[in-house]
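The values are calculated or read from the model by the stated rules, or taken from the named source; none is laboratory data. Only a predicted model underlies this, so the values are computations on that prediction, with no experimental measurement involved. Heads up, the Cβs are rebuilt from the backbone with ideal geometry, glycines too, and the neighbour counts pull from every protein chain shown. All accessible areas refer to the heavy atoms of the entire protein, side chains included, with ligands and DNA or RNA removed. Shrake-Rupley method; radii C 1.70, N 1.55, O 1.52, S 1.80 Å.
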Amino acid sequence: MEEKRYICNICKEDFSEKSHLDKHFLCHTKQKLYSSNICSKEFSERSHLNTHYPTHTNGKLYSCDVCQKEFPGKGALNRHYRTHTKVKPYSCEICQKRYFEKSHLKVHYRTHTNEKPYSCEVCHKEFSEKGYLNVHYRTHTNEKPYSCDVCHKLFSEKGNLNKHHRIHTNEKPYSCDVCHKEFSRKSHLNIHYRTHTNEKPYSCHVCQKEFSHTSNLNQHYRIHTSEKPYSCDVCHKEFSRRNHLNEHYRTHTNEKPYFCDSCHKGFSQKGHLNDHYRTHTNVKPYSCDVCSKDFSRKDHLNEHYRIHTNQKPYSCDVCRKVFSRKDNLNRHYRIHTNEKAYSCEMCLKKFSLKSSLKVHYRIHTKEKPYCCDVCHKEFSSKKYLNKHYRIHTKEKPYSCDICHKKFTDKGNLNRHYRTHTKEKPYSCDVCNKNFSQKCSLNIHYRTHTNNKPYSCDVCFKKFSVKSSLNMHYLIHTNERPYSCDVCHKGFSQKSNLDGHYFTHTKEKPFSCDLCNKEFSRKGSLNGHYLFHTNERPYSCDICHKEYTRKYHLNEHYRTHTNEKSYSCDVCHKVFSKQSHLNRHNRVHSKEKPHSCDLCHKRFSEKSSLKVHYRTHTKEKPYSCLVCLKNFSQKYNLIRHLQVHTN
């Protein structure tokens, strides 16, 4: 005989007994027929009322004979027994998942049917369980009935209070059976498992990016919608994530609740503390699968990947320049706004970046926290240390895509590019002269201000450029660190050595485009150009005599001061010019470095060789204006002129 079924005409749920259907109707009518005569609380079933009564008498009528825990009702005791026996008698027919209680199975079915029978009367949001609805109501009433007895923090859910208690007890009852990492919440353990399985069950329907956690997906959606629902009530800055807002608040309060156990440094974010710990442990858990470079932070790895992909997702809306990192874009914006928000408390110098201010403070404190583990040289900035390391490793990671020259520093590469583009973006606002490098402009300014901030502590001579001071010191130490590989001659400056090499190779790579005269040094070519323009930019402020080259002016000054700073090591004779000393040294060394290509006769001075050539070429460039007689040497002409002047 077929079993008779009783069907609810509202939700179509069927029952085997009419009494069960009658009880079920009370869910729709919200009718509660049974009332406590002590507290007047109402219930839809008599069994619920019977279970409620012992809460007034503090009676615990039923006791578990395994753990002696007591319960106000027999049904609650029976359900409790299953935690000892692990019996789950109720099974889902769809996914075979098992449950201790029938009510839990009933709620579970709704995950398959997507049924949400409980609706919020305020915002009409629907829920699959009544408990979720009750908790949700508290978002409207702002009710937080559960309080922590340690720190008195309030919570709207008892489960959240229980989780919070573990912060004080440091209890982590959930353990990963793969890596044995422990967690205070089961949900955190479930999410952690996905790091082992690489499972990403949540997918963005816009860009199809996958996520291991639904909260990450929800946050990701805001990238597409540009939604920023969290606003700072101090400065009104908006954020897409609540935790970003909480971290931002600390910029106003200057709160740093996270402290390093090793050096006691404080941090406003726990993530920053975790990153800082790796500076002590030197752990770099994130590795690039292209070049195998290791990183201590995942965001640094993500930024590094863009070197391989050449991806630059951040664009300046003013000049359209693109960047691989957002913080680089933010720093770049300050070029347009000229904003310098960070000021030094000691010298009031302003900076556009906080990191630049931090490094600048070390000028005042003389702090150099970064040390090279090869030569132990110390640096005030990590950037300078990284550049310095390349001296030891000979690494030159930056390459010019025009001439393929390599550089250790990106800034040097950018400056090198200007030799190809002839770009000179830095202009003097006094004389409008343009420069390819900012440091060259700063040095040039000193020609207008006559500022010479670098002083020799031996002779107190002042210089506008530090490199000039360093080269000047070599006069006192007589040090010549640069040596020619061919003749082993020593030089105090590398540029002089480079120019000297051309005396061996006879190479003259610099050519005048007016008269085609060739030069071995660029400085000589620049000086030669002044003969065509008749320009003499260097003037003596004593006698106003003008010169085409600065070193000629410096030599001339010595005629006024009678300074002779160049001394012979052999006979101690002093000279006002280095060139005079060099010529004199050949008296002692008998050196004759200049050789005639035709007869191989050798000379100690280049001018003597030049005169000698005329014996082969019969050239007589000096002519008497009176009788038109020609001479090969100037002093012969001068002697001849005495014939006419008697």
query = Under 8 Å by Cβ, and 6 or more places apart or on different chains, what pairs join a residue from segment 390-418 that is free of Cβ contacts under 8 Å to residues at least 24 places away in the same chain with one that is small (Gly, Ala, Ser)?
reply = 405/399; 406/399; 407/399; 413/399; 415/436; 418/436
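Table: residues versus (1) polar (S, T, N, Q); (2) touching a helix residue (DSSP H, G or I) at 6+ places or on another chain (Cβ under 6 Å); (3) modelled with pLDDT under 85.
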site: 443; (1), (2), (3): no, no, yes
site: 455; (1), (2), (3): yes, no, no
site: 466; (1), (2), (3): no, no, yes
site: 471; (1), (2), (3): no, no, yes
site: 475; (1), (2), (3): no, no, yes
site: 492; (1), (2), (3): yes, yes, yes
site: 500; (1), (2), (3): no, no, yes
query = Out of segment 301-336, which residues are within 12 Å of the chain's Cα centre (by Cα) and of a type in the set (Lys, Arg)?
reply = 325, 326, 331
ask   = In segment 213-259, what count of residues is obtained for those that are aliphatic (A, V, I, L, M) and either part of a loop (DSSP other than H, G, I, E, B) or in contact (Cβ under 8 Å) with a residue 60 or more places away in the chain (or both)?
value = 1
note = Of the residues in segment 117-133, those that are surrounded by fewer than 14 Cβ atoms within 10 Å (Cβ to Cβ), modelled with pLDDT of 85 or more and not charged (D, E, K, R) come to 119, 122, 123, 124
message = Condition first: open to solvent by 60 Å² or more (accessible area, probe 1.4 Å), over 30 Å from residue 570 (Cβ atoms) and part of a strand (DSSP E or B). Now tell me which residues in segment 430-486 satisfy that.
response = 434, 454, 462
inquiry  = Can you find a residue that is touching a helix residue (DSSP H, G or I) at 6+ places or on another chain (Cβ under 9 Å) and closer than 29 Å to residue 116 by Cα anywhere in segment 166-185?
reply    = yes
ask   = Considering segment 17-46 alone, what residues qualify as being closer than 19 Å to residue 109 by Cα and either open to solvent by 100 Å² or more (accessible area, probe 1.4 Å) or touching a Phe, Trp or Tyr at 6+ places or on another chain (Cβ under 9 Å) (or both)?
value = 24
key: Members of segment 91-113 that are among the polar types (S, T, N, Q) and part of a loop (DSSP other than H, G, I, E, B)   = 96
inquiry  = Can you tell me which residue is surrounded by the fewest Cβ atoms within 10 Å (Cβ to Cβ) among those in segment 521-563 that are among the polar types (S, T, N, Q) and closer than 29 Å to residue 509 by Cα?
reply    = 534
ask   = Say we look at segment 337-362 and pick out the residues that are modelled with pLDDT under 85 and open to solvent by 100 Å² or more (accessible area, probe 1.4 Å); which of these is farthest from the chain's Cα centre (by Cα)?
value = 338
query = Would you pick out the residues in segment 285-312 that are closer than 23 Å to residue 259 by Cβ and not in a helix (DSSP H, G or I)?
reply = 285, 296, 297
task = Look through segment 315-329, keep the residues that are under 28 Å from residue 273 (Cα atoms) and open to solvent by less than 70 Å² (accessible area, probe 1.4 Å), and return whichever of them is modelled with the lowest pLDDT.
result = 327
